[in-house]
């Protein structure tokens, strides 16, 4: 009898727990406190963000070469130096140029002496013909020799002028205000007087930002649009203006070029990478929600959680324009409906929720 009482006493709590289990399974879930904001209509600036690099403007990055062959005697600049237009950057040995000038000056003197002799002969022959002593043919010959002598003088003077200019070209000068980005040749190096043997590389002090754009992005980009450039080196964003855009795509890359004029407060490193945000247009009355309200990828079907009468409602929406902070709702949500902006991944349709106080 005592044993049966012990068994009954142990069985009683088990039976009580079995009776309580169904009731606990049907307890209401705890409401989640979330922040909800209404979908409203706003004015938005449509921005195209492009990748690119800092470059010199067209014609603003070129090699500076000697216009005469010879050996470099001196280079007066170093990489990183700023030079003004016409400033001396290098000096080439002028021995050959000076010899050529002296030879041309001697040729001028010889031609002038021949010209004087030809004129004197012409005058004598003309007098003899007038007196009937010389034949008319002799006068014609004298006139021809005089003309040849004058032509020889003109040719010699032209050669002397060229030799003088050539001598002046031993001084290699910058063609515009710029920054020396590279020194190709130093003292003792030979140059051939062509662009094939440059002395320095000169870049303009002004810069622009060249960005790559797809065909879709090029559709909305136009000259004159406002832009903001940010480089990987950091610093404050640099305002700019779209200067030009490609009319055709590169067949190798399938991309077009967008050139943005910038005026940085400090010199930028040419070739530095960065991004440019181009404001392509302004739209009025766009229905938007915060980007934090979106759950799921747009390609998989974008969703938001609607806060309605203390319950969560997961709803699929159509998404249009978007940036880092806002997303356009093109369908599936009405103006004024409130959406959750936190805990969105943990909420399901029917989940109780409490809106957090502002």
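The values are calculated or read from the model by the stated rules, or taken from the named source; none is laboratory data. Quantities reported herein were computed from a predicted structural model and do not represent experimental measurements. Cβ placement follows ideal geometry from the backbone for every residue including glycine, while neighbour counts extend to all protein chains displayed.
Of all residues in the range 323-354, exactly one satisfies the criterion of being surrounded by fewer than 18 Cβ atoms within 10 Å (Cβ to Cβ), in contact with a helix residue (DSSP H, G or I) (Cβ under 9 Å, 6 or more places away or on another chain) and not in a loop (DSSP other than H, G, I, E, B), namely 326. Please enumerate the residues belonging to the range 291-302 that are out of contact with any helix residue (DSSP H, G or I) (no Cβ under 7 Å at 6 or more places or on another chain), under 17 Å from residue 34 (Cβ atoms) and buried (at least 18 other Cβ atoms within 10 Å of the Cβ). Within the range 291-302, 294 is the sole residue that qualifies. One residue alone among 46, 77 is in a strand (DSSP E or B), on the phi < 0 side of the Ramachandran plot, under 34 Å from the mean Cα position of the chain (by Cα) and surrounded by 13 or more Cβ atoms within 10 Å (Cβ to Cβ), and that residue is 46. Taken together, 139, 167 contain a single residue that is in contact with a helix residue (DSSP H, G or I) (Cβ under 7 Å, 6 or more places away or on another chain) and under 30 Å from residue 79 (Cβ atoms), which is 167. Screening the candidates 101, 139, 122 for the property of being under 47 Å from the mean Cα position of the chain (by Cα) and part of a helix (DSSP H, G or I) yields one hit, 101. Residue check: residue 288 meets all listed conditions (1) surrounded by fewer than 18 Cβ atoms within 10 Å (Cβ to Cβ); (2) closer than 30 Å to residue 37 by Cα but one, namely (1). Of the strands (runs of 3 or more DSSP E) entirely within the range 231-312, those holding at least 1 residues that are under 20 Å from residue 56 (Cα atoms) occupy 238-245, 256-262, 273-290.
For the range 320-338, a residue qualifies if it is under 41 Å from the mean Cα position of the chain (by Cα) and closer than 30 Å to residue 29 by Cβ, and the qualifying residues are 327, 329, 332, 333. Of the residues in the range 61-74, at least one is under 31 Å from the mean Cα position of the chain (by Cα), assigned to a strand (DSSP E or B), over 20 Å from residue 208 (Cα atoms) and in contact (Cβ under 8 Å) with a residue 12 or more places away in the chain.
Evaluated against (1) modelled with pLDDT of 85 or more; (2) within 30 Å of residue 75 (Cα to Cα), residue 175 falls short on exactly one condition, (1). Out of 70, 59, one residue alone is surrounded by 16 or more Cβ atoms within 10 Å (Cβ to Cβ) and at positive phi. It is 70. Restricting 88, 101 to those that are farther than 30 Å from residue 358 by Cα, touching a helix residue (DSSP H, G or I) at 6+ places or on another chain (Cβ under 7 Å) and at pLDDT 85 or above reduces the list to 101. Being farther than 30 Å from residue 199 by Cα, assigned to a helix (DSSP H, G or I), within 60 Å of the chain's Cα centre (by Cα) and touching a residue at least 40 places away in the same chain (Cβ under 8 Å) is a property that does not hold for residue 151.
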